[in-house]
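**Student:** Shown below is the structure under consideration.
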Amino acid sequence: MSEQSGELGLVLLSIALVVYLTRIAGYLLGQRLRHIGRLRPVLEALPGCALMALIVPAVYRGSLIDLSALVFVVIVMWKWDNIVAATFGGLIILLSENSLTEWLHSLT
Amino acid sequence: MPITGFWRSAVLGAKESTPFCVSTFLFGILFGVAATASGLSLFLGLVMSGATFSASAQFAAMELWSHPLPVSAILLSVFLVSSRNILLGLSITNHIDGHSLLTRLVCLGLLSDPGVVMVLRASRSINNLGYLFGYGAALWVSWVASVWLGFAFSNVFTGADIGALAFAGPLVMTCMMMLFVKGGRGHKLAWVVSGISALLMAMVGLEAYLILPVAVMVGIIPILMQLGGSNE
């Protein structure tokens, strides 16, 4: 393995280490806080809050096609709880962005 | 019938991860294509994917991948996009007892968003650590295999409009959010408050890495107020 590959490997392992530390840091912090039993509902609400904090700005910055894909996913998940159908349908809508945009332009 | 053993729960987790393995597979192929375009070798791409096992972190690193490598910027960017893992770890604090700390720390290496969502959305008689491990292991296999495929067939995707899939991440997150919403054990007010505050921050142009922690902190205020109220 060349010296450059060795350096690259070191950078890649550093990236993996940073991600691993984020995975264990929350749990270890939680161990310190767990004696405060009343915090449990707060801790359990965190992933949902985080998801909303990531989804909503993305939707705000997204296009009309992105919004359409999101609505499709919400409807499929709400009615049928089918993750595969929701994901694939949403991705097909995203991939058809160019065609849909051309079609919308042709209408106007 | 309750499934309480570690390995039986791991098998259940692996089985139930199938829907998200499909989307992970797609992201893996995209990552393989992106990594090839960035000049990463197949070997290093697989080392990175096997050791990191994080689509968002790996894509963030690839965005900054240039020569000479801006190592500090890459590591900071990876930390910022992975900071939600800290919240995931906090949320399962009370759910993975009954194992040695070493076992827990090893299994947490495979911590995944959908795995945590599945553990938290419903109370079941399963070994949660085993379930998370099995869920994460199946996603890991899907991730590494698909990255390899992305490298192997990167020429097929040359010229394809991969940029159109930039919104794919939020779509998968929406699936997870819907699982929470339908799970019925939610903190819906906190989620709505987080969403509204994130929207307001996006509208005023706040940096994305600041929106997550601030929106989460604002979101938990209603729960803290509820706790304070019931204390009086």
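The values are calculated or read from the model by the stated rules, or taken from the named source; none is laboratory data. Remember, predicted model here, so these are calculated numbers, not experimental data. When we count neighbours, we look across all protein chains shown, and the Cβ atoms used for this are built from the backbone with ideal geometry, even at glycine. Accessible surface is based on the protein model in full, side chains and every heavy atom, while ligands, DNA and RNA are left aside. Shrake-Rupley method; radii C 1.70, N 1.55, O 1.52, S 1.80 Å.
**Student:** Rounded to the nearest 100 Å², what is the buried accessible area between B and A, both sides summed, probe 1.4 Å?
**Tutor:** Heavy-atom accessible area buried at this interface is about 7000 Å².
**Student:** For residue A:71 and residue B:43, what is the calculated FRET efficiency with R₀ set at 41 Å and r taken between the beta-carbons, to the nearest 0.05?
**Tutor:** Efficiency for this residue pair is about 0.45.
**Student:** If you don't mind, there's one more thing I want to ask. Taking a label point 7 Å from the Cα of residue B:225 along the Cα→Cβ vector, which residues of segment A:27-52 have an amide N closer than 18 Å to it?
**Tutor:** Zone members listed by number: A:41-43, A:45-46, A:49.
**Student:** For residue B:166 and residue B:105 in one chain, what is 0.36 nm times their gap in residues minus the Cα-Cα distance, to one decimal in nm?
**Tutor:** Taking residue B:166 through residue B:105 to full extension adds about 18.7 nm, to one decimal.
**Student:** As a test of reading the structure, rank B:93, B:103 by solvent-accessible area (1.4 Å probe, protein chains only), most first.
**Tutor:** I get B:103, B:93, largest accessible area first.
**Student:** Roughly what angle does helix B:188-203 make with the longest principal axis of chain B, taking Cα atoms, 0 to 90 degrees, to the nearest 10?
**Tutor:** Helix B:188-203 sits roughly 40 degrees off the main axis of chain B.
**Student:** At a Förster radius of 41 Å, what calculated FRET efficiency corresponds to the Cβ-Cβ distance of residue B:76 and residue B:7, to the nearest 0.05?
**Tutor:** Efficiency computed from Cβ-Cβ geometry: 0.60.
**Student:** Also, I was wondering about something else. With θ set to phi - 60°, apply the Karplus curve 6.51 cos²θ - 1.76 cosθ + 1.60 along segment A:57-68 and write out the HN-Hα couplings as whole Hz, x wherever there is a Gly or Pro.
**Tutor:** Result, ordered by residue: x, 5, 5, 4, 7, x, 8, 5, 5, 4, 5, 4 Hz.
**Student:** In addition: Taking all protein chains as present, what is the carbon and sulfur share of the accessible area of chain B, in % to the nearest whole number, probe 1.4 Å?
**Tutor:** 70
**Student:** Let me ask another. If you roll a 1.4 Å probe over the heavy atoms of the protein chains, what accessible area per residue do you get for segment B:98-172, in Å²?
**Tutor:** 38
**Student:** For residue B:22 and residue B:188, compute 0.36 nm times the residue count separating them, minus their Cα-Cα distance, and round to one decimal in nm.
**Tutor:** Full-extension gain reported as 57.0 nm.
**Student:** Taking every Cα atom in segment B:98-200, find the radius of gyration and the maximum pairwise distance Dmax, and write them in Å.
**Tutor:** Cα only, segment B:98-200: 17.6, 51 Å (Rg, Dmax).
**Student:** Mind jotting down the distance between the C-alpha centroids of segment A:1-57 and segment B:104-182, whole Å?
**Tutor:** The two parts, judged by their Cα centres, are 15 Å apart.
**Student:** If you plug each phi of segment A:70-86 into the Karplus form 6.51 cos²θ - 1.76 cosθ + 1.60 with θ = phi - 60°, what whole-Hz ³J(HN,Hα) values come out, in order, with x for Gly and Pro?
**Tutor:** Taking θ as phi minus 60°, the curve returns 5, 4, 4, 4, 4, 5, 5, 5, 5, 7, 10, 6, 9, 5, 5, 5, 5 Hz for segment A:70-86.
**Student:** Mind giving me the FRET efficiency for residue A:102 and residue A:61? R0 is 25 Å, r the Cβ-Cβ distance, nearest 0.05 is fine.
**Tutor:** Result of the calculation: an efficiency of 0.65.
**Student:** Relative to the first principal axis of the alpha-carbon coordinates of chain B, what is the inclination of helix B:18-37, with its axis defined by its Cα atoms, in degrees from 0 to 90 and to the nearest 10?
**Tutor:** 40
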